[in-house]
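As structure tokens, the structure follows; a few thoughts come after it.
The values are calculated or read from the model by the stated rules, or taken from the named source; none is laboratory data. Keep in mind that this is a model prediction, so the values were computed, not measured. Because the Cβ atoms are built from the backbone with ideal geometry, glycine has one as well, and the counts that use them run over all protein chains shown.
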Amino acid sequence: MTVEIPKEKWSGQVREVTIGATAEDGGTRTQTLTIGGETTLPFLHFEGNIPHRPALAIEIRDRKPDDWSPILMETWGEAMESPAAWAKAAEEAGADLIYLVLSLTTADGEENTPENVRRVVREVLDATGLPLAVAGPGQADIDNELIVPVAEEAEGERILLGICEEGNYRTIVAAALANNHLVQSKTPMDVNLSKQLVILISDMGIPLERIVMDPTTGALGYGIEYGYSVMERLRLAALQGDSMTQQPMLVNPGAEAWKVKESKVGEGVPESWGDWQNRALEWEALTASSLVQSGADILILRHPETLKRVKAMIDALLATAA
Amino acid sequence: MALSGLEIYKLLPQTNCKDCDFPTCLAFAMKLAAKQVELKDCPHISDEAAEKLESASAPPIRLIKLHGEDGTVEVGNETVLYRHEKTFFHKPGLFLHVRDDEDLEALKAKVAEADAFSVDYVGIDLYLDGFAVEAVSGNAENFKKTVAAVIAGSKKPLILIAPEPDLAKAGLEATEGSRPLLYAANAENWEAMADIAKNADVPLVVHAENLDDMADLTKKLQDKGLEDLVLDPAAGGYLQSLHTFTTLRRLAVKSNFRPLGFPIISFPGAQDGADESLLTAQHIAKYGGFIVIENFEPAILYPLLVLRQNIYTDPQKPIQVKPGIYEINNPTDESPLLVTTNFSITYFAIANEVESAGWPGWLLVTDAEGMSVLTAWAAGKFDAERIAKDAKLFGAGEKVKHKKIILPGHVSVLSGELEEELPGWEVMVGPREAVDIGSYLKTVWQA
Amino acid sequence: MATHKVKLLPEEKSVEVPTGTLITEAAISAGLEITQPCGGQGRCGRCAVKVEEGVVRKRSTIRLNADDLESGWALACQSLIEGDAVISIPEQERIERRLVTEQTARAIELPFDYIPAETQSIQTRQLSLNPPTLDDSQDDLARLQGALQELGYHPVEISLLLLQRIGPVLRESDWKPHVLLDAPTPGSGPARLIEIGASPFHPHGVALDIGTTTVTAYLVDLISGKVKASAAEYNGQIARGEDVISRIIYAGKGNGLSELGTLVRETIQIVLEKLQRRTGVPPDEIFKVTVAGNTTMIHLFLRLPPETIRLTPYIPAVNHPPRFLASDLDLPFHPLASVDCLPGIASYVGADISAGVLASGLSENDALTLFIDVGTNGEIVLGNRDWMLTCACSAGPAFEGAGVVDGMRATQGAIEEVWVHSDTFEPTYRVIGGEKPRGICGSGLISLLSELFVTGVIDRAGSVKLDLDTSRVRQGDHGPEYVVAWADESDTKRDIVLTKVDVDNLMRAKAAIYAGFSVLADSIGVDLADVQQVLVGGAFGKYINIENAINIGLLPDLPWDRFHFLGNTAALGTYMGLLSNELRMQIRDIANRMTYMELSADNSFYDAFTAALFLPHTNIAHFPSVAKIWGDEVDNKKEEK
């Protein structure tokens, strides 16, 4: 019996977005990152194209964080003392993109300043040739205050600026427009809200080729299924030709997975949770790998081992010998 | 192809007789379209209509049930490709692979440990579903003894991996009284295996290297009267299994292709170059049915079981946040305590507003069955009694020492009752809209 | 428990109340009234009073600003007496007595050829009895029943009240009495005697629509079938809560249920007095009353505890009430008049919708029809003669002007339509009555929102763009706002504004209604674009501009000729049910056939709601005509740059 393999005829395509600019394009990056362009669901090569691999970013901070898991502290060790060293270590670990998150305060507890973040961004740009993304600490006023100087400092580098949210996007988008950068648009696990923010941002005049959409996801065990399905729905809508859902998707499994009890806590937990180190790494890897399956184009990770494992999986999923 | 509620309605008697316990034929039709009721609940349907509806409502993937001496596993009956379209109904079974060439005592210990494994996840007990026992020794007696040893250590359902008919028979002798899954019939042995499976009334795995051969085999087996089949498409690593399993699910659900409308068995740990836990995770998300794993390791099994639970959660239910007291911006015992419901969007709105306004605070999220503040209040799910109960349950009194609690402005009406329910607490009424929280706290909170 | 002395100004009344008494309660015990439109939930801010001396504990101070608080203002329904106090109650807002329904009262046409003998249950007959003799010694009742039976009325129920009068009436009429019967099968069959007399009766009936906001009545001549007069009055329950949920809650407190029952009776009394003034027909000559209303209104009217309506699984005490006698319900009609409450469908889709569907003709039409009745709640019916699906969406009263800072009902002084200049952003508006504006009514809000959107004053999420080059946009007390009228042109001497919060409220209301459409259509598997006619009932519908309503995504983007505004369909359907037994049966059938969908049951409503919470909608493809205007507008702007 000949079984006919069902193939979907998708009419839409995910937009191609390029982060980073080489000297040729007015920047100083040694490599750029292009994502998106898919014309089918993740890795279904038999019915469409997957022109670019999902990218893996490593999250670094402008200073050594106070509240990260000791497992992560141990892994990065000395490198965490300077953003430049950390960025280099991330590059060596195989990252495609450096995702720099600014802190509310400096290491000595002072308020973070535009001068400080300019310096940090400059150091990171000098330390690595990888493309860069920079996000504020997550408080509207302070984000705006810090992201604008970052955008200026990195002018021409086509960095990804975050994080645009429904209540606070105009300043960041304006900074991206003025300095030729891209923006990350983040909405809380809802298909419509994702679309709406993309519309609002693009209404400000920034080309859609410069918007990366972060649909938000929970960690494994903490709402991953909602993010997973929102991503699937967004991707299906994109492939069906719904223009405002055709942005590449960025998710942050690293931050989500490393803030849950299962990865944070080693003692006083049920024995059936198993070995802490292994469990913590599994938590990040499973969160990330599941989101690769639901269509992520950029995944932000924290542990180099996770990056290695997820990268191997993506390699296998892209190996189209046939 | 599934029929819409309206299409089904047109085939029903349209008498609104209520014998199905629904108020109208249309209500019944919509439930039937959603596969939430069965056709037989309508006693008045014509034979002709029944025939048309049967084919539209029969599940595209056969439900396969295994049971051990204790415990059952049901896999199949799936109706959609993506969980948001309805839900994924039956979680894939996770089975631990053991072999009859292992030291019997060591095997018994391993089975006992894996059998006893259980972990609590939000009040749900998660555990391994059973064991897949493989005859690698080639010795029927030996296999039988091993199966018996596994049964002695666990009452969970089994998969018997016995490529030869005589081995299969031996294994089944040891499992009398339960219903294991028999692995596997192939192009060579299918007739003998079919007889054995039929005699023992157990489901049978069909192994074939490609889907054409697979469909030929299932056809032959169905002709021999076997209905309970499971497919082993011999799909290798990440990519091949993704393509093959996706194709099988599409064939069943979208093309209604009956010869391949059965659950899939897979062996993610046996694939060269694949990370067992990541491939298992892929099979959980992407259409696996029975998943045989090689390693028993709680630190890996726990997250996999959680993933399976998450993926198989009903997405039609409102998105809820776990009730509890949440910390925002590292609060102290002097930070404000706000209360809201566990509807995720409501929670996000409040939490984001407090967070981005830079306030350290505590957020008491009460169990309002996933409704927003006003809806929950209107429906009686967010009242003083419930708020007080959760405030006590989650230890609000230990988190803050000021004994003040801030109610959403929309339910200011509850303030009096809440003061009665929480003696010694001062109930404050916050703003009605989340966006005003920052300025509200600025004016009223001086901690 | 300690008690405190409270003096209330300007009446100078003093009462002694225990610690923890609400100011509103103190006022009631002093025999004074403080209006509580939100039912005492501390939501509306209209019960503000001024504490002149002493201290009260304020649980909530919503809608009061820092200056107000400084000068002693407090919400009466949220503030507790905890010591002696002197409190001023400002002059209470009087509800405008000029009603929309009356403004536009127009001749109501007979909806069909009316032949009372065939369709009317109220029958008048003159009987001819053989006078008794020594040989024919049947008693009076048997004689009367015999005569009625000859006309086909058997059995006939006769109350003691009438039995007491039969003897004299029969003789006074010389054995040719006039009778008035209530015969479920017109012309014959079992019947109930309502009146008997020596002179002929001219029967009248009343079609009564008890709305959450307005009570409307038609006085109907049951011989001609014509409406002799109509009258309306704001439902007196409004002061105890503006929406059904607030009233349900109020009914659960103390003797709230009985109070609400009394308030609606007082309103009915006022309506009947108006009708009597206009027609000379006194209430006790009304022999038949047909009543429609949403399920909560019917419960409160019958004094049935409504609590279960709002709690899952949302089960009312009754959907199909039996008939009652006016005297049982303590109503001022003829004591033996039958009071017939029309059947409802579910807790949030009531008899007003069953009657409305009849009046709209949806249930007899082949065309795929969308019927909406937007009042204080929004109810939707989708279907045709073969099937009907219905749902309710809690749109809230934003389109009636409630929950909007400068919102008001459609009365004198309300801005009813606005135009905004696309370059200067300056508005032009029209005011009801042509005087200075006092606020904005529902149609004005819809038109304003549409104009602000089309001209780009607000973005698609409804946020006011503060960076525009005009003083009309600014940061106000409630966030960003747009000034529609400056203080010097308004009647209130204050700027009339539309705030971001108002916009959010309006967006939620319109999104709830549109989401109702989408969920009904999706769940049955039809496309909204295939809807052949949209019938809009309710007072709301009459004044809105279709184009504006489509622009903001309140109504689906269909060709304008598919929209029809039907006015008060509930009252019209009730009138039809009053006239005709057959149509009354049809209303029952409609109620039975309609399939109710509970929107809170799953996620699909929420999804549709967030999709609709955008201008005009997240999926602009559903609004091709808006995409066109809006797209052109955007392109023009680009060219200018």
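Just checking, does the range A:155-163 include any residue being surrounded by fewer than 20 Cβ atoms within 10 Å (Cβ to Cβ) and more than 18 Å from the chain's Cα centre (by Cα)? Working first, answer last.
Start the filter on the range A:155-163 by keeping residues that are surrounded by fewer than 20 Cβ atoms within 10 Å (Cβ to Cβ), which leaves A:155-156.
From what's left, more than 18 Å from the chain's Cα centre (by Cα): A:155-156.
Checked the range A:155-163: at least one residue is surrounded by fewer than 20 Cβ atoms within 10 Å (Cβ to Cβ) and more than 18 Å from the chain's Cα centre (by Cα).
Could you look through the range B:263-273, keep only residues that are crowded, with 18+ Cβ neighbours inside 10 Å and assigned to a loop (DSSP other than H, G, I, E, B), and pick out the one that is nearest to the other protein chains (Cβ to nearest Cβ)?
B:Q271
Return yes when B:A368 is part of a helix (DSSP H, G or I) and among the small types (G, A, S) and no when it is not. Quick ask: steps written out before the conclusion?
Details: part of a helix (DSSP H, G or I): no; among the small types (G, A, S): yes.
For B:A368, the condition - part of a helix (DSSP H, G or I) and among the small types (G, A, S) - is not met.
Filter the strands (runs of 3 or more DSSP E) completely within the range C:475-567 down to those with at least 1 residues that are closer than 30 Å to B:K31 by Cβ and within 22 Å of the chain's Cα centre (by Cα). Don't jump to the end; show me each part of the working.
Working: elements: C:479-485, C:496-499, C:533-537, C:563-567.
In the range C:475-567, the matching strands (runs of 3 or more DSSP E) lie at C:533-537.
Please enumerate the residues belonging to the range A:136-189 that are touching a Gly at 6+ places or on another chain (Cβ under 6 Å) and under 27 Å from C:F614 (Cα atoms).
Within the range A:136-189, A:Q139, A:D143, A:Q184, A:M189 qualify.
Which of the residues belonging to the range B:236-259 are more than 7 Å from every other protein chain (Cβ to nearest Cβ) and hydrophobic (A, V, I, L, M, F, W, C)?
Selection gives B:F245, B:L248, B:A252, B:V253, B:F257.
Looking at A:G274, is it more than 17 Å from the chain's Cα centre (by Cα) and facing chain B (nearest Cβ under 10 Å)? Full working, then the answer.
Numbers: more than 17 Å from the chain's Cα centre (by Cα): yes; facing chain B (nearest Cβ under 10 Å): yes.
Judged against the criteria, A:G274 is a match.
Per-residue answers, yes or no, for (1) surrounded by 24 or more Cβ atoms within 10 Å (Cβ to Cβ); (2) acidic (D, E); (3) within 13 Å of chain A (Cβ to nearest Cβ):
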| site | (1), (2), (3) |
| --- | --- |
| B:I159 | yes, no, no |
| B:A192 | no, no, no |
| B:N199 | no, no, no |
| B:A215 | no, no, yes |
| B:D232 | no, yes, no |
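Are there helices (runs of 4 or more DSSP H) fully within the range C:1-103 with at least 1 residues that are away from chain B (no Cβ under 14 Å), surrounded by 15 or more Cβ atoms within 10 Å (Cβ to Cβ) and at pLDDT 85 or above? List them.
On the way: elements: C:23-29, C:66-70, C:100-103.
Of the helices (runs of 4 or more DSSP H) lying wholly inside the range C:1-103, those with at least 1 residues that are away from chain B (no Cβ under 14 Å), surrounded by 15 or more Cβ atoms within 10 Å (Cβ to Cβ) and at pLDDT 85 or above span C:23-29.
Yes/no matrix, rows are residues, columns are (1) part of a helix (DSSP H, G or I); (2) aliphatic (A, V, I, L, M); (3) assigned by TED's automatic domain parsing to the domain that holds B:K156:
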position: B:L32; (1), (2), (3): yes, yes, no
position: B:E51; (1), (2), (3): yes, no, no
position: B:E69; (1), (2), (3): no, no, yes
position: B:E78; (1), (2), (3): no, no, yes
position: B:T87; (1), (2), (3): no, no, yes
position: B:H90; (1), (2), (3): no, no, yes
position: B:D101; (1), (2), (3): no, no, yes
position: B:L107; (1), (2), (3): yes, yes, yes
position: B:A112; (1), (2), (3): yes, yes, yes
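Restricting to the range B:286-304, give me the number of residues that are outside any helix (DSSP H, G or I) and in contact with a Lys or Arg (Cβ under 7 Å, 6 or more places away or on another chain). Lay out the reasoning, then the answer.
Here is the first cut: in the range B:286-304, the residues outside any helix (DSSP H, G or I) are B:286-297.
Next cut, in contact with a Lys or Arg (Cβ under 7 Å, 6 or more places away or on another chain) only: B:287, B:296.
Summing the residues that are outside any helix (DSSP H, G or I) and in contact with a Lys or Arg (Cβ under 7 Å, 6 or more places away or on another chain) in the range B:286-304 gives 2.
Give the residues of the range B:329-348 that are out of contact with any Ser or Thr (no Cβ under 8 Å at 6 or more places or on another chain), crowded, with 19+ Cβ neighbours inside 10 Å and within 11 Å of chain A (Cβ to nearest Cβ), sorted by residue number.
B:S344, B:F348, listed by residue number.
Inside the range B:336-346, can you point out the residues that are more than 33 Å from the chain's Cα centre (by Cα) and either more than 15 Å from B:L407 (Cα to Cα) or among the hydrophobic types (A, V, I, L, M, F, W, C) (or both)? I'd like the intermediate steps shown before the answer.
Within the range B:336-346, the subset more than 33 Å from the chain's Cα centre (by Cα) is B:336-338.
Within the range B:336-346, B:L337, B:L338 qualify.
For the subset of the range A:111-150 comprising residues that are among the polar types (S, T, N, Q) and in a helix (DSSP H, G or I), which member is farthest from the other protein chains (Cβ to nearest Cβ)? Please lay out each step first, then the result.
Looking only at the range A:111-150, we keep the residues that are among the polar types (S, T, N, Q), and these are A:112-113, A:116, A:128, A:139, A:144.
Filter once more, keeping what is in a helix (DSSP H, G or I): A:116, A:144.
Values: A:N116: 18, A:N144: 11 Å.
Restricting to residues being among the polar types (S, T, N, Q) and in a helix (DSSP H, G or I), the top hit is A:N116.
Could you check the range B:305-317 and list, in sequence order, the residues that are more than 7 Å from every other protein chain (Cβ to nearest Cβ) and outside any loop (DSSP other than H, G, I, E, B)?
The answer is B:L305, B:R308, B:Q309.
What are the residues in the range A:59-106 that are among the small types (G, A, S) and outside any helix (DSSP H, G or I), if any? Write out each step before concluding.
Residues of the range A:59-106 that are among the small types (G, A, S), as a first pass: A:69, A:77, A:79, A:82, A:84-85, A:87, A:89-90, A:93-95, A:103.
Listed by number, the residues that qualify are A:S69, A:S82, A:A93, A:G94, A:A95, A:S103.
In the set A:L177, A:L208, A:L193, which member is surrounded by fewer than 24 Cβ atoms within 10 Å (Cβ to Cβ) and within 14 Å of chain C (Cβ to nearest Cβ)?
Details: A:L208 fails: within 14 Å of chain C (Cβ to nearest Cβ); A:L193 fails: surrounded by fewer than 24 Cβ atoms within 10 Å (Cβ to Cβ).
None of the other options fit; the residue is A:L177.
Go through (1) crowded, with 18+ Cβ neighbours inside 10 Å; (2) of a type outside the set (S, T, Y); (3) touching a helix residue (DSSP H, G or I) at 6+ places or on another chain (Cβ under 6 Å); (4) within 27 Å of A:V191 (Cα to Cα) for B:W359 and report which single condition fails.
(4)
A:A296 - would you say it is more than 9 Å from every other protein chain (Cβ to nearest Cβ), of a type in the set (A, V, I, L, M), under 21 Å from B:S241 (Cα atoms) and in contact with a helix residue (DSSP H, G or I) (Cβ under 8 Å, 6 or more places away or on another chain)?
Values: more than 9 Å from every other protein chain (Cβ to nearest Cβ): yes; of a type in the set (A, V, I, L, M): yes; under 21 Å from B:S241 (Cα atoms): yes; in contact with a helix residue (DSSP H, G or I) (Cβ under 8 Å, 6 or more places away or on another chain): yes.
When the stated conditions are applied, A:A296 passes them.
Counting just the residues of the range B:320-345 that are among the polar types (S, T, N, Q) and touching a residue at least 40 places away in the same chain (Cβ under 8 Å), which one comes out farthest from B:V122 (Cα to Cα)?
Checked the range B:320-345; the qualifying residue farthest from B:V122 (Cα to Cα) is B:S335.
Does the range B:239-262 contain any residue that is within 20 Å of the chain's Cα centre (by Cα) and in a strand (DSSP E or B)?
The answer is no, given that none of the residues of the range B:239-262 is within 20 Å of the chain's Cα centre (by Cα) and in a strand (DSSP E or B).
Test of understanding: among A:V269, A:V265, A:V230, A:V260, which residue is on the phi < 0 side of the Ramachandran plot, under 17 Å from the mean Cα position of the chain (by Cα) and not polar (S, T, N, Q)?
On the way: A:V269 fails: under 17 Å from the mean Cα position of the chain (by Cα); A:V265 fails: under 17 Å from the mean Cα position of the chain (by Cα); A:V260 fails: under 17 Å from the mean Cα position of the chain (by Cα).
The unique qualifying residue is A:V230.
Inside the range C:322-335, can you point out the residues that are touching a strand residue (DSSP E or B) at 6+ places or on another chain (Cβ under 9 Å) and either buried (at least 20 other Cβ atoms within 10 Å of the Cβ) or polar (S, T, N, Q) (or both)?
C:A326, C:L331, C:F333, C:H334, listed by residue number.
Taking the condition of being modelled with pLDDT under 90 and either surrounded by fewer than 23 Cβ atoms within 10 Å (Cβ to Cβ) or of a type in the set (G, A, S) (or both), how many residues in the range C:362-396 meet it?
Of the residues in that region, 5 qualify.
Among the residues of the range B:369-376, are any within 28 Å of the chain's Cα centre (by Cα), within 14 Å of chain A (Cβ to nearest Cβ) and of a type outside the set (S, T, Y)?
yes
Suppose we filter A:G254, A:G274 for residues that are more than 26 Å from A:A95 (Cβ to Cβ) and either touching a residue at least 60 places away in the same chain (Cβ under 8 Å) or of a type in the set (G, A, S) (or both); which single one remains?
Values: A:G254 fails: more than 26 Å from A:A95 (Cβ to Cβ).
Just one listed residue meets the conditions, A:G274.
In the list C:A232, C:A239, C:A292, which residue meets the criterion of being of a type outside the set (D, E, K, R), modelled with pLDDT of 95 or more and buried (at least 17 other Cβ atoms within 10 Å of the Cβ)?
Values: C:A232 fails: modelled with pLDDT of 95 or more; C:A239 fails: modelled with pLDDT of 95 or more.
That would be C:A292, the only listed residue that is of a type outside the set (D, E, K, R), modelled with pLDDT of 95 or more and buried (at least 17 other Cβ atoms within 10 Å of the Cβ).
Identify all residues within the range B:383-437 that are among the β-branched types (V, I, T) and farther than 20 Å from B:E369 by Cα; write none if there are none. Walk me through how you get there before you give the answer.
To start, the set of residues in the range B:383-437 that are among the β-branched types (V, I, T) comprises B:387, B:400, B:405-406, B:411, B:413, B:427, B:429, B:435, B:437.
Result: B:V400, B:I405, B:I406, B:V413, B:V427, B:V429, B:V435, B:I437.
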